[in-house]
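The values are calculated or read from the model by the stated rules, or taken from the named source; none is laboratory data. No experiment lies behind these values; they were computed from the predicted model shown. All Cβ positions, even for glycine, are placed from backbone atoms using ideal geometry, and neighbour counts span all protein chains on display. Note: accessible area is taken over every heavy atom of the protein model, side chains too, but ligands, DNA and RNA are not part of it. Shrake-Rupley method; radii C 1.70, N 1.55, O 1.52, S 1.80 Å.
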Amino acid sequence: GYATLQVNYRASTGYGKSFLHKGDGQWGVGTMQHDLTDSVQWAIDQGIADPDNICIYGGSYGGYACLAGLAFTPDVYKCGVDIVGPSNIKTLLDSIPSYWGPLRNDMLLKIGDVDADEEFNKKISPLYHVDKITAPLLIGQGANDPRVKQAEADQIAFSMQKKGIPVEYALYPDEGHGFARPDNRIDFNGRAENFLAKHLGGRSESFTKPKGSTVQFPLEKKKSYMYSR
C-alpha cells in the first residue's frame, strides 16, 4: 500500500477568512505550493515517506498543484497524477463563460491579474515550464468539463510528448469535471494503480478495461494541437 497525505494548504476553506486569504496570489510558485512541498519533507522527516518514492496526485486545483509540483520542484516527486487540472491559468480563465463573470473576477483576485500581467501568468502556469518536468505524468480528463476545458490537458500532454517526457493521457468523452460514470471511475483508478506500481514499485491487480468505459487516448492518435504560448 501507499502512505497518503492530504494537506489543508493555505486557502483551504473551513479555517476562517484569514487562512482563506493567505493563498491570495500564492498559486504555483508561492506559499500554497510551498505548503505541499513542506508537508512532503515533514513526512520524510517522520520516517513515513521514502524521499525517492513520492508521487503528487490531485484533481482540479489539485491537478494544477500536481503539474506545478512536477514543473517547479522536479526533484521532489518521482511521478504525478493530474485529474482535470489546468496547465495555463490565462487560457483557463479565458474559457470561463460570460455568465460566470463574477466567478472569473473572484479568481483574478485570488490568483493574480493574469489578464494584465503576461509574465506573471507565464511564471505560474506549468505549461511554460514543461522543459523542467522530468517525472512521468498520468493525466485524466473529461471532454465535457465546463470548468477546466479539455484544452488544458491537451496542451500540456502534447507538449510533453513532443519533448519526449513520459506522459500518459486518458480522456473520457462523456465525463465532465471529474468522473461520474462507475465504469469510467473503475477504468481510471485501475490505470492509476498500474501507473503507481510501475513508478513507485507498489502492488497492483491485473487490469482489464471495463466494458462500459469510454476511455480514449489522444496521444496515440498522433494528432497535433495548436495552443497559445
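Couple of notes before you dig in:
- Where helices (runs of 4 or more DSSP H) fall wholly inside segment 78-137, no range has 1 or more residues that are in contact with a Cys (Cβ under 6 Å, 6 or more places away or on another chain), of a type in the set (Gly, Ala, Ser) and surrounded by 16 or more Cβ atoms within 10 Å (Cβ to Cβ).
- Scanning segment 162-181 for residues being over 20 Å from LYS78 (Cβ atoms) and in a loop (DSSP other than H, G, I, E, B) gives a total of 7.
- Filter result for LYS149 (touching a Cys at 6+ places or on another chain (Cβ under 9 Å), among the charged types (D, E, K, R) and farther than 18 Å from GLY23 by Cα): no
- Only one of PRO74, PRO51, PRO86 that is over 22 Å from HIS129 (Cα atoms) and in contact with a helix residue (DSSP H, G or I) (Cβ under 6 Å, 6 or more places away or on another chain): PRO51
- If the condition is being free of Cβ contacts under 8 Å to residues at least 40 places away in the same chain and either open to solvent by 50 Å² or more (accessible area, probe 1.4 Å) or part of a helix (DSSP H, G or I) (or both), then segment 10-25 contributes ARG10, THR13, GLY14, TYR15, LYS17, SER18, PHE19, LEU20, HIS21, LYS22.
- PRO166 meets each of the listed conditions (1) under 24 Å from ASP154 (Cβ atoms); (2) in contact with a Gly (Cβ under 9 Å, 6 or more places away or on another chain) apart from (2).
- Positions within segment 56-77 being surrounded by 22 or more Cβ atoms within 10 Å (Cβ to Cβ) and of a type in the set (Val, Ile, Thr), in sequence order: ILE56
- The condition (being over 21 Å from ALA11 (Cα atoms) and out of contact with any helix residue (DSSP H, G or I) (no Cβ under 7 Å at 6 or more places or on another chain)) is satisfied by just one residue among PRO97, PRO102, PRO136: PRO97.
- Extreme residue, surrounded by the fewest Cβ atoms within 10 Å (Cβ to Cβ), among residues of segment 182-223 that are among the acidic types (Asp, Glu) and outside any loop (DSSP other than H, G, I, E, B): GLU220
- Residue tally, condition open to solvent by 30 Å² or more (accessible area, probe 1.4 Å) and touching a residue at least 40 places away in the same chain (Cβ under 8 Å), over segment 152-166: 1
- Scanning segment 38-72 for residues that are under 14 Å from the mean Cα position of the chain (by Cα) and outside any helix (DSSP H, G or I) yields a total of 6.
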